[in-house]
Amino acid sequence: MGHSKKFPHCLPWDFASRTLLTKPGSSYNEVGISLMSEDYSRLLDKAMEKVPKKVSSGERFEIPTPEMHTTGGRTTIYNFGEISGRLNRDGHHLVKFLTKEMGTAGTLSGGRAVFQGRFNKISIRRLLEIYSHKYVICSICGRPDTKMQKDGRFLFLVCDACGAKSSVLSA
Ligand SMILES: [Zn+2]
């Protein structure tokens, strides 16, 4: 019965402090609340500063349409830099993927990529989609806010949005 003996001792003190804090018109209470909401709105501002970048790259994620031209057995993608920039990947990695998939050779210079052979827009677009699903979009949350991380022989996709780390087959 030690508990019931202790409890009455605690109660008056606890009760008194609680009435003090919740007393109407208590300046402590008002200051406490206003400080808290100011902190909260500041935190919210900070959070919002960060969010738009991620949301804009996420919600509006769309691979730019390749602006391309084929002449004399070579296919040039003029906005290749824009495409790899949107995918947030190194252009050389993307060129390597495309050349491998298309079974051809390709070079990257000044934001343009030139591939040996004639390729149409539809097949390039499809390959870009395959690339983004393999190397850009998080398989857990479906967002593109990821980065590639090499760990020994293994390649991982690390998601900034949900924190997932998934392995990727090396290209
Ligand atoms: Zn994710």
message: How much length would be gained if the chain were fully extended between Arg153 and Asn88, taking 0.36 nm per residue of separation minus their Cα-Cα distance, in nm to one decimal?
response: 21.2 nm
statement: So Ala164 and Glu67, fully extended at 0.36 nm per residue minus their Cα-Cα distance, gain in nm 31.6 nm
query: Over all distinct alpha-carbon pairs, what is the Kirkwood Rh of the stretch 68-168 in angstrom?
result: 14.2 Å
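We did not get these values from a lab; they are worked out from the coordinates using the rules stated. Only a predicted model underlies this, so the values are computations on that prediction, with no experimental measurement involved.
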